[in-house]
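Any read-out appearing in this document is the output of simple, stated calculations on the displayed coordinates, not a laboratory observation. These numbers were taken from a predicted model, which means no experiment stands behind them. Here Cβ is always computed from backbone atoms with ideal geometry, including for glycine, and neighbour counts include all displayed protein chains.
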Ligand SMILES: *Cc1c(COP(=O)(O)O)cnc(C)c1O
């Protein structure tokens, strides 16, 4: 197993370096220009503008260097300028930028489908379709499931996040900021209780029992034979990096199979080595009928995919699936190169190594906080998809104010850390998988100090 990233070469020095008074003048000027022209509804977490990025470092236009513990929301797992991805993009773009796969097809789309059919769980015959965004992949997975089953109902879960388009808003659980005032939403979406070990009323409930709880509700409220699809994130992303209790996913998948329901694993955030396996469902040996992928797939180029059982995907009539840009040739070249880098650098192994380092550090920190500063309620996640849930000391009451303060304090020191969670009280760690141990530890030092200072 690869335990250091020493064979990975970096273009930029992997070192944090920020001016005390950033944002600097160039970023401030850009913020002013932006306010006049960019819609206020698009918010940015960090008030600086990027000039360059490589490995675990992001440079801004004023010369500050930040540690990236967010990967542009789990996208740049291979880094933001992986030489293999950059080279493949340059090579592809010199030949053609686009022809539309639905008009004049090209090899890279086919080659990527071959790779995805091979890498996704299960030995069965598979088919793949490529799109542009995660939401588009989810929309299409549901389209396929409805057509193939002839049923309407779709089951999603508490704390789910599946995107911002109309159907995916309906599937997403959290109102603010994703849904509030954006309705009406797509019909025939039903929400069921998730397995959320830290917040279960009965802390003894097993994964199988939590699955039974959801299944009973589905049977009572919808009827198993009415359900086209169950869609679930094997580790929930925006909802708070919630890892369901062991046995929950297999029990749901087994029941779905029994009822002819299409089991869709939304691995848009958890896929591509992020959790220490190619896909998060691999941890429990679950084989989804359809898997949705995006974020980490193409080293930052916009691309998404659905891969699933051939009998389901081939049930759709020719022309029923597609899109102008879906499977853009430059994005396909980037994805093939990114997958190559994941294999070459054993980034699944790197993700497990990051988990070892970070979880040990976070547990140590948790042990140091006591009494009124005992604010780390839960440490969870897999691989390089890790989170801490911050609470009011001595209770499980969510502490979103502290969460905000900690993220802001980290940023001030030059460490980009994202938050998430239904209650806004989760600090999530999503470093590029190519981050050096030194940079990761430096970032974790900053996080630990920030929590100690604000707890
Ligand atoms: C980000 C995300 C989506 C939506 O992807 P976009 O590319 O932003 O449309 C869907 N599902 C999950 C699990 C995600 O994390």
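Can you compute the helix-only [θ] at 222 nm over the chain? Use -39500 (n - 2.57) per DSSP H run of at least 4 residues, normalise by all residues, nearest 500 deg cm²/dmol.
Using -39500 (n - 2.57) per qualifying helix, the result is -11500 deg cm²/dmol.
Order the peptides 402-411, 218-227, 381-390 from the highest to the lowest mean number of other Cβ atoms within 10 Å of their residues.
381-390, 402-411, 218-227
If the range 167-209 were replaced by its equivalent ellipsoid, with semi-axes equal to the square roots of 5 times the Cα gyration tensor eigenvalues, what would those be, largest first, whole Å?
28, 12, 6
Suppose R0 equals 51 Å; then what is the FRET efficiency for residue 357 and residue 317 from their Cβ-Cβ distance, rounded to the nearest 0.05?
It comes out at approximately 0.50.
Go through 293-305, 325-337 and give me the packing order, highest mean Cβ count within 10 Å leading.
The packing order, highest mean first, is 293-305, 325-337.
In Å, what Rg and Dmax follow from the Cα atoms of the range 66-109?
Cα-based Rg and Dmax for the range 66-109 come out at 14.3, 43 Å.
Mind giving me the nanometre distance, one decimal, between the label points for residue 258 and residue 186, set 7 Å out from Cα along Cα→Cβ?
2.8 nm
Please work out the FRET efficiency for the pair residue 13 and residue 441, using the Cβ-Cβ distance as r and a Förster radius of 22 Å; give the result to the nearest 0.05.
Taking R0 as 22 Å, the efficiency between residue 13 and residue 441 is 0.85.
Per residue, what volume in Å³ does the convex hull of the Cα atoms of the range 1-145 enclose?
Convex hull of Cα atoms, per residue: 199 Å³.
Taking the highest mean first, how do the peptides 118-128, 270-280, 145-155 order by number of other beta carbon atoms within 10 angstrom per residue?
Going by the mean number of other Cβ atoms within 10 Å, highest first, we get 270-280, 145-155, 118-128.
Given 20 Å bins starting at zero, what is the percent of C-alpha pairs of the chain in each, up to the one with the largest pair distance?
25, 59, 17, 0
Mean projection of the alpha-carbon convex hull of the range 85-344 over all orientations, in nm²?
Averaging across all directions leaves 13.9 nm² for the Cα convex hull.
Provide 99, 292 in ascending order of the number of other Cβ atoms located within 10 Å of each residue's Cβ, fewest first.
Ordered by Cβ neighbours within 10 Å, fewest first: 99, 292.
Which whole-number percent of Cα pairs in the range 86-160 have a distance greater than 20 Å?
That fraction is 52 percent.
Quick one: in the range 57-213, what % of C-alpha pairs are over 27 Å apart?
50 percent
Using DSSP, restrict attention to beta bridges with both residues in the range 1-146 and report what percent are antiparallel, rounded to the nearest 5.
Once the DSSP bridges in the range 1-146 are tallied, antiparallel ones form about 100 percent.
For the range 85-344, what is the percent of antiparallel DSSP beta bridges, rounded to the nearest 5?
Antiparallel bridges: around 40 percent, rounded to the nearest 5.
Can you give me the Cα centroid spacing of the range 320-350 and the range 59-79 in angstrom?
20 Å
When the Kirkwood hydrodynamic radius is evaluated over all pairs of different C-alpha atoms of the range 313-422, what value in angstrom, to one decimal, is obtained?
17.8 Å is the Kirkwood radius here.
Could you check what % of the DSSP bridge pairs in the chain are antiparallel, to the nearest 5?
Percent antiparallel among DSSP bridges in the chain is about 65.
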